[in-house]
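Reviewing the structure listed below.
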Amino acid sequence: MIVIAPSDDLFDKTASNMQEVIARGGRVIFLSDQAGVSRLGDIAAATIELPTVDAFVAPILYTIPVQLLAYHTAVLKGTDVDQPRNLAKSVTVE
């Protein structure tokens, strides 16, 4: 399971859910800032520490490692990442 948990108002709720997954034998990849990693980083299978940023920018920052993980996972599986089915590849100019 990939857990994205910036230190914000919902951190404790997300941390509780993550601990339940681990208690049931799940493996967790944990993405958080320094404060989050210091609180829960030791119980995750893998931890990615991201910079502490304003809550407005956090969704953009946290998307980058998840997209890279998805890309590299697809490559390792042998999926052609450049040819997704049913994707319209056209540009309309008025």
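The values are calculated or read from the model by the stated rules, or taken from the named source; none is laboratory data. Keep in mind it's a predicted model, so treat the numbers as computed, not measured. When we count neighbours, we look across all protein chains shown, and the Cβ atoms used for this are built from the backbone with ideal geometry, even at glycine. We work out accessible area using only protein heavy atoms, side chains counted, and drop any ligands, DNA or RNA first. Shrake-Rupley method; radii C 1.70, N 1.55, O 1.52, S 1.80 Å.
Quick notes on this structure:
- For the range 51-76, filtering for residues that are hydroxyl-bearing (Ser, Thr, Tyr) and over 16 Å from Ile2 (Cα atoms) leaves 1.
- Looking at the chain, the strands (runs of 3 or more DSSP E) lying wholly inside it that each contain 1 or more residues that are at pLDDT below 95 and open to solvent by 90 Å² or more (accessible area, probe 1.4 Å) sit at 46-49.
- Only residues that are out of contact with any strand residue (DSSP E or B) (no Cβ under 6 Å at 6 or more places or on another chain) and more than 15 Å from Ile64 (Cα to Cα) were counted in the range 1-33, giving 21.
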